[in-house]
Amino acid sequence: HKWLLSTSLLLRCGSHHCWNQATFCSGPCHLLAALHAHQSPRHQFPSKLKLISPTDHVKVNLEAVFKRGQILSPLLQSGRLRDEAFGRFWVSFSNFVDSQPPPPPTQTGVQRSSDLIPPVLAHASGLVLDVGPGTGTQMPLLRSSAIKAIYGAEPCHGLHTKLRSRADAEGVGEKYHILPCSVAASELFPALQEQGLLPAGTTALDQTTGGAFDTILCVRVLCSVPDLEQSARDLYSLLKPGGKILIVEHVVNPWRTAKGSIVARAVQAVYGFFGWSWFIGDCRMNRDTEKALRGAAEAEGGWESVEVEKWFGRTCMPYIAGVFVKRG
């Protein structure tokens, strides 16, 4: 039991966000190394933090019943209350993360999943779609003059105030536009039409349409979209010819390969069984995101280029990071 609890996890997910502090290794030696790494504040996930999300769910439901007098809301409005709870959870945890000092450098320069993000987002340019920006954690990486405008599709309304404040603080407030919607085409396309980025009445895009964005950012978000394959196709259709999808996503453990771990894959299944998705913004640990993105371009002959690196394959939170470029 203690062995499993030593796995330090927290995710920023879905149309929301997944924050990873995971180092679960197969084998006693790897586990000891993981436990040693978790002694620093940045890598240690105290037991009380594991309870933050469920605790926020309980608090929000109790407030709805006893403070607002909405006695039946936990039954009739469970989705709204869950979104409110997740919003509170993510804001508080984002503040905690921002307050922590950076860890010491490593030989590879990559010690945690957040180290993968800067070199990938450095490719952003032109008109940018930021999928699930949350509280704007990546905002400092989006100040490049090569970026003309950014549209952040964030469905969790409880995060919008923090997101707007972060954009203003980082000097990108004038070019950052918040879209109160998810990545689902039924929500995203109408929101883009209101911004004048898509023709009125657009419900789908094809090769002749030309797309709308030069760059699409997906950072710890595709783990929680309802239909990964469909979302990948929709995002692909929104890219202009030569446009880029930049990704940093946690994925299913590649346990069938030499770089994966069957133990880590089993732990992913255990977390899923005990309600990870429910409490952490619909996040799912079992997604093959690279396969879905590659498949999105098959009808048009595939991508012009794909440069993806795989990281942390021996953990229960392996990552892929890289750039998908659409044919011109």
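Could you please find all residues in the stretch 136-160 being buried (at least 23 other Cβ atoms within 10 Å of the Cβ) and more than 14 Å from Leu217 (Cβ to Cβ)?
Of everything in the stretch 136-160, those that are buried (at least 23 other Cβ atoms within 10 Å of the Cβ) and more than 14 Å from Leu217 (Cβ to Cβ) turn out to be Cys156, Leu159.
Picking from Pro226, Pro190, Pro254, Pro199, which residue would you name as being part of a loop (DSSP other than H, G, I, E, B) and without any contact (Cβ under 8 Å) to a residue 12 or more places away in the chain?
Exactly one of Pro226, Pro190, Pro254, Pro199 is part of a loop (DSSP other than H, G, I, E, B) and without any contact (Cβ under 8 Å) to a residue 12 or more places away in the chain, namely Pro199.
Can you name the condition, by its number, that Lys175 falls short on among (1) in contact with a strand residue (DSSP E or B) (Cβ under 7 Å, 6 or more places away or on another chain); (2) of a type in the set (D, E, K, R); (3) free of Cβ contacts under 8 Å to residues at least 24 places away in the same chain?
Every condition holds for Lys175 apart from (3).
Looking at the stretch 123-149, which of its residues are of a type in the set (Val, Ile, Thr) and over 28 Å from Ser92 (Cβ atoms)?
The answer is Ile147, and nothing else.
Assess whether Trp278 counts as being more than 20 Å from Asp234 (Cα to Cα), aromatic (Phe, Trp, Tyr), in contact (Cβ under 8 Å) with a residue 40 or more places away in the chain and surrounded by fewer than 19 Cβ atoms within 10 Å (Cβ to Cβ).
Considered against the rule, which asks whether it is more than 20 Å from Asp234 (Cα to Cα), aromatic (Phe, Trp, Tyr), in contact (Cβ under 8 Å) with a residue 40 or more places away in the chain and surrounded by fewer than 19 Cβ atoms within 10 Å (Cβ to Cβ), Trp278 comes out as yes.
Give the stretch 201-260 a look and list any residue that's out of contact with any helix residue (DSSP H, G or I) (no Cβ under 6 Å at 6 or more places or on another chain), at pLDDT 95 or above, within 19 Å of Gly301 (Cα to Cα) and hydroxyl-bearing (Ser, Thr, Tyr), or say none.
Ser231, Ser237
Restricting to the stretch 146-172, what's the tally of residues that are assigned to a helix (DSSP H, G or I) and either in contact (Cβ under 8 Å) with a residue 12 or more places away in the chain or small (Gly, Ala, Ser) (or both)?
Within the stretch 146-172, residues that are assigned to a helix (DSSP H, G or I) and either in contact (Cβ under 8 Å) with a residue 12 or more places away in the chain or small (Gly, Ala, Ser) (or both) number 11.
Tell me which residues, restricted to the stretch 261-304, are part of a loop (DSSP other than H, G, I, E, B), modelled with pLDDT of 95 or more and out of contact with any Lys or Arg (no Cβ under 9 Å at 6 or more places or on another chain).
Arg287, Asp288 - these are the residues of the stretch 261-304 that are part of a loop (DSSP other than H, G, I, E, B), modelled with pLDDT of 95 or more and out of contact with any Lys or Arg (no Cβ under 9 Å at 6 or more places or on another chain).
Among the residues in the stretch 207-214, are any in contact with a Gly (Cβ under 9 Å, 6 or more places away or on another chain) and either part of a helix (DSSP H, G or I) or under 26 Å from Glu84 (Cβ atoms) (or both)?
No, the stretch 207-214 has no match at all.
The values are calculated or read from the model by the stated rules, or taken from the named source; none is laboratory data. Here the structure is a predicted model, which is why all the values come from computation and not from measurement. Every residue, glycine among them, receives a Cβ derived from its backbone with ideal geometry; neighbour counts consider all protein chains shown.
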